[in-house]
Amino acid sequence: SKKRVRGKDSHKSAQSDGSSSASPSSIPAPSPSSSSSSSSSSSSSSTSSSDTKVMQSRVWAPSPDFVFTEDTRRQINAVLALFQGTHNYHNYTSKMKPTDPSVKRFITSFTCGAPFVVDGMELVRLTVVGQSFIFNQIRKMVGMVIAVIRQGYFNDSEGKTAGLARVRRVLDNSFSTRKYQVPKAPALGLLLDRCLFESWAKRNGKMYGNLDFAEGEELRETFKRTQVYNHIVRRERDEYVMQHWLRIIKEVFPVNFTALETGEAPPPRAPRTAPSSSSSSSTTPSSLEEI
């Protein structure tokens, strides 16, 4: 679902990435100084601010042979930790140059929770906390993580330590100024979970109280369990959103991990041509950027 969540204090909308996200009603609070928006679009922000936004994305691995174990979770968390800090995310958005100061974003934390089941489908929650996000950044971060795990870096005979070192090279090169294609996970599953006004609380908390919205925590969690999660499951069952995307990145537009690991320039993209009348109705994307 491509619903957009909009808060009163968010000047730009946050794209619901991978799920019908819970649209937070108007938030009666000042805009977080770190960002004017979440994943859809954002103005540039200073990395010195501690105000953050939390995004959550859910991913389902549909393969009947795949079992999500605690070891899998540790591997994912090791990869997610590599996103922490300030990096250049020009490859994780579109139409932005690597020299643009606004492509540098600060990630406070990125973690994978324990799997849980909703209506017979196992889901995993990835939670990323950052000062601000640019268009498609979260979806591409999640897409890269899925592609890396499915690439099998941790299954090699070299061992998990060597595998993580290879993953670090892949991500470091994706943060470089060279242009690479990064897979973009489906919008089904991403939602703006909450806004954190930490800097405002430090300055004004004693006088006005903290803006933590703790009194609505139970209602918010109930809404997610009864409405948002069920919507994710229904959409996946009806439309095979994640399954289709996984097939695309495996069979149609596989990630060029050779170039990403070595830091070499990827081969030039083939020029796009107008579709013929016989293929105009095809739903296959014409480039990795479109998925």
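The values are calculated or read from the model by the stated rules, or taken from the named source; none is laboratory data. These figures come from a predicted structure and were not determined experimentally. In case anyone asks, the SASA skips ligands and DNA or RNA and just uses the protein heavy atoms, side chains included. Shrake-Rupley method; radii C 1.70, N 1.55, O 1.52, S 1.80 Å.
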Descending semi-axes in whole angstrom, ellipsoid equivalent of region 167-206, from the Cα gyration tensor: 34, 18, 8
Residue span Val117 to Thr86: 0.36 nm per residue of separation minus Cα-Cα distance leaves a gain in nm of 7.8 nm
With the Cα gyration tensor of region 129-228 giving a ≥ b ≥ c as the square roots of its eigenvalues, does the rule (a/c under 1.5 for rounded; else a/b larger than b/c for prolate; else oblate) give rounded, prolate or oblate? prolate
Per-residue HN-Hα couplings for region 195-210, Karplus 6.51 cos²θ - 1.76 cosθ + 1.60 at θ = phi - 60°, whole Hz, x for Gly and Pro? 10, 10, 10, 6, 5, 4, 5, 5, 7, 10, x, 5, 8, 10, x, 7
Heavy atoms only, probe 1.4 Å: what % of the accessible area of region 94-142 goes to carbon and sulfur, would you let me know? 58 percent
Accessible area of region 124-168 divided out per residue, in Å², using a probe of 1.4 angstrom: 35 Å²
Could you tell me which of the pairs Lys140/Lys224; Lys97/Lys179; Lys160/Lys184; Lys160/Lys250; Lys95/Lys250; Lys104/Lys202 are separated by over 18 angstrom between their Cα atoms in the structure shown? Lys140/Lys224; Lys160/Lys184; Lys160/Lys250; Lys95/Lys250; Lys104/Lys202
